[in-house]
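The values are calculated or read from the model by the stated rules, or taken from the named source; none is laboratory data. Because the structure is a prediction, the values reported are computed rather than measured. Quick reminder, even Gly has a Cβ in these numbers, built from the backbone with ideal geometry, and neighbours come from all protein chains shown. We work out accessible area using only protein heavy atoms, side chains counted, and drop any ligands, DNA or RNA first. Shrake-Rupley method; radii C 1.70, N 1.55, O 1.52, S 1.80 Å.
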Amino acid sequence: MPRGGRRESSGRKLKWNLGKTKAVRIPEAIADTILEVARRLDEGESINSVIIPSSEILTVQLSPDELGEFKGHSKYSSA
């Protein structure tokens, strides 16, 4: 009976359904969120259900006068 060598189904089992992995560097502040998104995608969720579509993001309408205040200008200044 031969010994040694490669055997089918031996070794570590993959933790990801999508196959090989790649190491990346991301900020610690968002690492858990990114990992959760990756796991949901790996489990088969569509990217549209995982990431908020831009059409659903709350937008705030500002008038040009209000916008000027955020740029460091007062609405009462002539600049």
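State which residue pairs qualify: first residue closer than 17 Å to Gly19 by Cβ and inside region 31-46, second residue hydroxyl-bearing (Ser, Thr, Tyr) in any location, beta carbons under 9 Å apart, and separation of 6 or more residues or different chains. Pairs found: Arg40/Ser49. Whenever a residue of region 1-24 is within 29 Å of Glu43 (Cβ to Cβ), its partners that are open to solvent by 100 Å² or more (accessible area, probe 1.4 Å) and aliphatic (A, V, I, L, M), lying with C-beta atoms within less than 9 angstrom and at least six residues away or across chains, give the pairs Lys20/Leu14; Thr21/Leu14. Residues that are at pLDDT 65 or above and loosely packed, with under 10 Cβ neighbours inside 10 Å number at least 3 in the following helices (runs of 4 or more DSSP H) confined to the chain: 28-42.
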